[in-house]
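*Asks:* What follows is a single structure, and I will ask about it in a moment.
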Amino acid sequence: MNNLTTILSSVAAGLLLTGCGDGEKAAATSEAVDPNVIAYPLDTCIVADKKLGSMGKPHVFVHEGRQFKYCCIGCDDEFKANTDKYIKKFDDAVAANKKAEAKPSEAADTTASEEPAK
């Protein structure tokens with residue numbers, strides 16, 4: 001009976017831990033919680049360009065109304081030393097995402113407004 005309890009506990013713990021790993025990756029690209037904060041636009045670290053979640057749970061913080069994410073806390077010193085560089089990188093990514101989102105709808109509007117020749 002004691003062995004069965006140990007085995008079941010181990011299986012349950014394993015399933016629980018497996019689920020936690022997937023949650024970290026999902027959190028890497030989630031929306032900003034505060035509607036007044038611009039959500040992080042990348043799936044990579046703003047400093048190291050490494051895939052978020054590849055080094056554990058990403059470090060997330062808000063700076064000047066923007067949500068930033070690092071692959072690890074070790075990128076903090078570099079961010080602080082070159083903050084303007086990373087704000088520009090963030091803003092450029094937001095602009096690129098908006099431009100990419102606008103193109104498909106513009107193409108649909110153009111197609112819809114064209115009338116077939118009679």
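Nothing in this text is a laboratory measurement; each read-out follows from the coordinates by a stated rule. These numbers come from a predicted model, not from an experiment. Reconstructed Cβ throughout: ideal geometry from the backbone, glycine too, with neighbour counts over all protein chains shown.
*Asks:* Are there any chymotrypsin sites (Phe, Trp or Tyr not before Pro) in region 43-76 that are in a DSSP loop and have at most 14 other Cβ atoms within 10 Å? List them by number.
*Replies:* Within region 43-76, no chymotrypsin sites (Phe, Trp or Tyr not before Pro) qualify (loop, at most 14 other Cβ atoms within 10 Å).
*Asks:* Highest mean first, what order results for 41-52, 79-90 on Cβ atoms within 10 Å?
*Replies:* Packing proxy ranking, top to bottom: 41-52, 79-90.
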